[in-house]
Amino acid sequence: MSDVALSPSARVLTDPHLLYATFTFVPLDTDFQDRHLAPCATVCRAFYQPVVRVLWRSLYSMLPLWHLLAPHELKVPRHIDVFGCAQYLIHVILAQLYLDSTRWERFLWHANHVRNLHHGSGSSPQVNQAHSILIEAVLARNSGKTFLPLLSSLHWTSRIHTDGSLLPFLTSTVQCVLFSPMNGQFPEDTLTIRKLRESSPDLRELNIDGEPTPSLVREVLAGFDGLRDVSISLCADFSVFCALVTKPNLRSLRIVNAIGPWAGVSQPITVHDLRKLSVGGHAEADLASLFRLTRFQSLEELTVQIYAHTAIPTTMAGITALFDDLSGAVSASDLQTLTISGTFSSLGPPPDHLPFLRDLLSRILRLSTIRSFRFSSDNPLAKLDGADIEALARAWPRLTHLHLDAGAFDRNSTVPVDGLSHLYSHCPDLQEVSLPVLSVPGIGAQSFPSPPGRSSHRLRSLSTQGIFTSRGGISDEEVEALARYLLRLFPRLNPETHQRALEQTDSVVAEGSSDALRIDPAWLKVTEYVYSIRSKGDEYELHSM
């Protein structure tokens, strides 16, 4: 037995740290009743504690905790069953099994593993009241001390202005709090904010799902010196925005919907510390005025979500002006990541004369520090051709990620295959590219542009949402020629990435399903060739057919 105990396999299978890291990759069920990981806890004694650590680290309901205090014959209800939840909690309350010393010790042992808690009591008064009664009872049993002593992150979807059960969870270990009231408005609850400030001085992330008033923001900013990340769902007051972005040491701010226009400011405000900003709103009424009034000195990552407004028309001129204002706002920063997306489902047909992408982004292309660019929309905003790819490649030589979604471009837009040579020549650090439609030349390998000599380019992932040919179809000869040409340009294309795409396609549940992964059949053939060639260790030479 000593030989077995000292063997490498035995040491691995009994190392709790290695086992914990391994079990984090086992998928969890989404309905609080795990069907994959939990059985691992019963395999052997060495597996039990690492599995429990993973299972209980993040709870998306209080029900698993309450089930530790439930009668054995009681089954956990599904979280969508409001009546069932109410009845279940009533039975747990009446049983009072927290008074049983064995059950109580078991409850505390499991609760000690909880680091992240998402509590959603819903809109049922009975469920809310039952949760509050149980929380108060367990707190009393624990002499008023919290029963989640190592809680780090708290997501509370409850009406906290009528439900004081939140307060016991605000302890010194909490670093991330998300308030998400069911009625969509963040209550003016200074008691809660002050309690949070007093009990959680090391809070680093605060998410307010609603519109905070200026007075509430002042309460938030009066403390929390360590606050690094703030997210709010609505901002209609420039003083609130100004107070947040100028808070010393704040690194990240997310505003789901900024409502302008904001006037009455004579000079733009200067933002020194913010590194990451995500903001959504109407192009002209909201976002343009925000960027005109702000100058970022240290911004590294920017996400802009443009929404349509039913009362205010969105024009291409307005979008172009927005991009100009955006460029001016971040010109003093070393912006590295830029994501632009549009939701214009109510706009109707696109205008007759869309600009080319290089013209739409003419000012943004001057931001030479960009390393990652994503551009998407549910309505066409521009046309795209090989000259656009060349303009992006020349403007952003440090590019590592490029994603251009087909929905953002005119349906006739294609990128000629020789446009990839610009990415090869000007962006040596490029690792991931996604393009709308790739157009290929006529018949045969000889129709492709002459590839460069031996390449060492770093690109590992290349995808497109379609392949266009003048004949409407692509032959097997052209498919293989294209695959080999791509590998001559980008020899590090990862075959495992392409194989995962194939496996995802094979696993589509039903034809026509809304969840179906749609991959162009021609591109699918190309990925098969890429995988086949790389798997065989081919020298990637183009052969004449």
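A few points about this structure:
- Equivalent ellipsoid semi-axes - Cα gyration tensor, the stretch 298-391, angstrom: 23, 16, 11
- Candidate lysines for bridging to Lys247, where Cα separation is under 25 Å - those fewer than 8 sequence places away on the same chain excluded: Lys195, Lys276
- Accessible area expressed per residue, the stretch 36-177, with surrounding protein chains retained (probe 1.4 Å, Å²): 48 Å²
- Segment Thr469-Leu524, length gained on full extension (0.36 nm per residue, minus Cα span): 18.3 nm
- For the pair Asp273 and Glu136 in one chain, pulling the backbone fully straight at 0.36 nm per residue adds 45.2 nm over the alpha carbon distance.
- When the P(r) of the stretch 386-430 is calculated, the portion above 14 Å amounts to 48% of the C-alpha pairs.
- Just the protein heavy atoms count here, and of the accessible area of the stretch 44-91 at 1.4 Å, carbon and sulfur take up 59 percent.
- Spin-label model, Asp202 to Val26: label points 7 Å out along the Cα-to-beta-carbon direction sit 3.0 nm apart.
- The alpha carbons of the stretch 214-346 give a radius of gyration and a Dmax of 14.2, 43 Å, in that order.
- Model label sites at Ser152 and Ser298, defined 7 Å from Cα along the beta-carbon direction, differ in position by 2.4 nm.
- Distance (nanometres) between label positions extended 7 Å along Cα→Cβ at Arg411 and Arg57: 4.7 nm
- Debye log10 I(q)/I(0) at q = 0.17, 0.22, 0.24 Å⁻¹ for the stretch 100-158, Cα point scatterers: -0.65, -1.02, -1.13
- The smallest convex shape that holds all Cα atoms of the stretch 234-273, its convex hull, gives 63 Å³ per residue.
- Stokes-Einstein diffusion for the stretch 62-160, with the hydrodynamic radius set to the Kirkwood value over Cα pairs and evaluated at 4 °C in a medium of 1.567 mPa s, equals 93 µm²/s.
The values are calculated or read from the model by the stated rules, or taken from the named source; none is laboratory data. Computed from a predicted model, the values in this text were never measured in an experiment. Glycine also receives a Cβ, built like all others from the backbone with ideal geometry; neighbour counts cover every protein chain displayed. The protein model used for the area step is the full one, side chains on, heavy atoms only, and it has no ligands, DNA or RNA in it. Shrake-Rupley method; radii C 1.70, N 1.55, O 1.52, S 1.80 Å.
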